[in-house]
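Chemist: Questions regarding the structure given below will be posed in turn.
The values are calculated or read from the model by the stated rules, or taken from the named source; none is laboratory data. Quantities reported herein were computed from a predicted structural model and do not represent experimental measurements. Every residue, glycine as well, gets a Cβ built from its backbone with ideal geometry; the counts of neighbours run over all protein chains shown.
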Amino acid sequence: MTPDPLGAVRLLTPHGTVAPVRRVPHFPTVCGARPLPGRPPVRLNLRTDKDGWDEGADMGVAIRTAGDDDREVIVRLLDRAFQDDPVSGWVFPGEEYRRATHHRLMAAFTDIVLAEGRVDLTEDGSACALWMSVPADDPGHGDRPAGERTDDDDFARMRRAVDPDNERVELIGRLTAGIHPSGRAHEYLWMIGVVPGRQGEGLGTALIGSVLDRCDRQGRAAYLEASSERSRLLYERLGFEAAGDPLALPEGPHMWPMWREPRTTPATSWTGPRV
C-alpha cells in the first residue's frame, strides 16, 4: 500500500502495479476533461419532455474514456456525488466521519476500474460512469463460504486499505458479491456519479445510454445495483428490471439488483429520463 495525494490508498502488487481486485463493494446510484489523442469525444443528443424529456432542444454531451491522468478528477467527483447517498451514509455514518474517510473508498474503486475496466467521463469533468465487462465464466463476483475466508481475501484487503476499523467496508462487498448474477456475460455499471448542482441535467443518462446502445448492438446484457428508490425508478425507465429481491443492509437502506436484456431494435438516437 502507498499513500495517495488525496489521502486515499492504492492497493499495489509487489511489482508496484495496481492489484486486480474484482470482488469489491460498489454504490451505483444517481446522484477539465480533454479528448484522448485519436479519440474525439462522443456527442449524444438527449430529448426530454416536461417529465424529464427534452421539449425540442438537443443537448450535446461530450464523453470520452478516462485515463490515469484523470484519477484525481474522478475521485473528487465521486466523493462529492456520493456524500449524501444512502449506502455511503450507511458505510460511513456521520457527516464528519464520512467527509474525512469516504474519498479513500472512492479512490480504491477508481484505481480498480481504471486498471481493469473503463471509466467514461464527460468533457467538463462533471459526471462519470465506472464500467466492468464481466465474462460468463468470471469467478470474481461470488463470495467465499464463511469457513474459507481468510484475512487476505479481497474484501479484507479493501477494508485494511480504506478504513481498517470499519467492518461495513468489508461487509458490503461480501453482500453485493453474494447477489451478483453469474453464468452470463454482461456489462457491469459499478458506479455513476454527477456532481451536485449538475444532477437532473441528463448527464448520467448520456453516460449510461452510450453503453446501453452498444449493448443493444452487440446483444449484451447489463447489470447494476441501485442504491436508492429514486435511482431504481430511473433505471427502470432505461430498461432495467429487478434481478431478485432487494438487498437489505443490516440496520441500513436497501439496494436493488437490476438486469437489462439487450433491446432487439436499438434507437438511432438514445433517449431516456434525465439522471
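Chemist: Quickly run through the range 112-127 and pick out the residues that are among the β-branched types (Val, Ile, Thr) and either assigned to a strand (DSSP E or B) or modelled with pLDDT of 95 or more (or both).
Modeler: Val113, Val119, Thr122
Chemist: Give me a count of the residues in the range 76-126 that are within 24 Å of Gly60 (Cα to Cα) and among the hydrophobic types (A, V, I, L, M, F, W, C).
Modeler: 5
Chemist: Output the number of residues of the range 170-206 satisfying the condition of being assigned to a helix (DSSP H, G or I) and closer than 18 Å to Ala248 by Cβ.
Modeler: 10
Chemist: Return the residue satisfying two criteria in turn: it lies in the range 46-62 and is assigned to a strand (DSSP E or B) and either buried (at least 16 other Cβ atoms within 10 Å of the Cβ) or in contact with a helix residue (DSSP H, G or I) (Cβ under 6 Å, 6 or more places away or on another chain) (or both), and of such residues it is modelled with the lowest pLDDT.
Modeler: Leu46
Chemist: Now, a different point. (1) surrounded by fewer than 22 Cβ atoms within 10 Å (Cβ to Cβ); (2) in a helix (DSSP H, G or I); (3) under 19 Å from the mean Cα position of the chain (by Cα): which one isn't true of Gly239, the others all being true?
Modeler: (2)
Chemist: Right, something else. Counting only residues that are crowded, with 16+ Cβ neighbours inside 10 Å and of a type in the set (D, E, K, R), how many does the range 63-77 have?
Modeler: 4
Chemist: Next question. Among the residues in the range 174-186, are any closer than 24 Å to Arg98 by Cβ and in contact with a strand residue (DSSP E or B) (Cβ under 9 Å, 6 or more places away or on another chain)?
Modeler: Yes.
Chemist: Go through the range 208-236 and report how many residues are crowded, with 18+ Cβ neighbours inside 10 Å, in a loop (DSSP other than H, G, I, E, B) and more than 17 Å from the chain's Cα centre (by Cα).
Modeler: Number of matching residues: 1.
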